[in-house]
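A quick write-up on the structure given underneath.
The values are calculated or read from the model by the stated rules, or taken from the named source; none is laboratory data. Just so it is clear, the model here is predicted, and its values are computed rather than measured. Cβ sites come from the backbone with ideal geometry, for glycine too, and all protein chains shown count toward neighbours.
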């Protein structure tokens, strides 16, 4: 869930109950702190689906109909309710108030501020398809294009910017960002990629294209003094997985998975030094 989506839901459904996993032991489909909002005829979010969620929704809606305080549930995730996770969860049900609604939105905004940043350079067919695929994932997605007229038909949760020098965006991006290059101009692609490969902290640098495009970029990059080890980090073509499929939606689906794998591996490689608040990070090829 994104804060903008939840805020809209809460404005339209003020008569609702918030169901939150406040304690989890053993195996559970979601972690403690996960919540959903249940209105009489609508809901947003999920606490894991299945029999557990069905039970919680039914209890919340019954409380709304009866006008009583919903309380909380202590649920074993076993044969008793038709699930086989094996864990146990405590679900707190709270009637929505203006204060609680504001707190939920702020909580989501705080979580969103910590999300990895993914920069898509180019808002053509593949760029738009990839933006839509990534918008549903726990990422902060930015679409950058030199053409203002192309920045349309993008999800509300995606930041779209018209920038005359996209390579400058690479330099100012936060550490641990991912860069995906899909512009309408190969020369511009090359400039952005060269800048992105300077970022040793980038978790992913990818470019749409072919093996021929990779060969041409590699030749140009090395002739311009580019680093051969950095070049190995370039993913080109993106999202191939051995398939030959040029449909934008297919490329987007495969590239989204590829990007998430790189980001996940990169985040997992951050090692906290024992007895210290400092961290050491390493990008993964």
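For the stretch 6-33, filtering for residues that are under 21 Å from the mean Cα position of the chain (by Cα) and modelled with pLDDT under 90 leaves 5. Scanning the stretch 233-254 for residues that are farther than 15 Å from residue 126 by Cβ and either surrounded by 10 or more Cβ atoms within 10 Å (Cβ to Cβ) or in contact with a helix residue (DSSP H, G or I) (Cβ under 9 Å, 6 or more places away or on another chain) (or both) yields 233, 234, 241. Scan the stretch 57-99 for residues that are farther than 17 Å from residue 24 by Cα, modelled with pLDDT of 90 or more and surrounded by 15 or more Cβ atoms within 10 Å (Cβ to Cβ) and the total you get is 9.
From the list 150, 167, which one is out of contact with any strand residue (DSSP E or B) (no Cβ under 8 Å at 6 or more places or on another chain), under 22 Å from residue 229 (Cα atoms) and at pLDDT below 95? Give the derivation first.
Values: 150 fails: under 22 Å from residue 229 (Cα atoms).
Checking each option against the conditions leaves just 167.
Reported count of residues in the stretch 115-141, each being without any contact (Cβ under 8 Å) to a residue 60 or more places away in the chain, surrounded by 24 or more Cβ atoms within 10 Å (Cβ to Cβ) and in contact with a helix residue (DSSP H, G or I) (Cβ under 7 Å, 6 or more places away or on another chain), is 2. Quick one: residue 220 ticks every box in (1) surrounded by fewer than 17 Cβ atoms within 10 Å (Cβ to Cβ); (2) closer than 21 Å to residue 151 by Cα; (3) in contact with a helix residue (DSSP H, G or I) (Cβ under 8 Å, 6 or more places away or on another chain) bar one, so which box is it? Looking at each condition in turn, residue 220 falls short on (2). Looking across the stretch 149-162, the residues that are over 23 Å from residue 201 (Cα atoms), in contact with a helix residue (DSSP H, G or I) (Cβ under 9 Å, 6 or more places away or on another chain) and not in a strand (DSSP E or B) come down to 150, 152, 153, 154, 155, 156, 157. Residue 141 fulfils the conditions (1) modelled with pLDDT of 95 or more; (2) farther than 18 Å from residue 5 by Cα except for a single criterion, (2).
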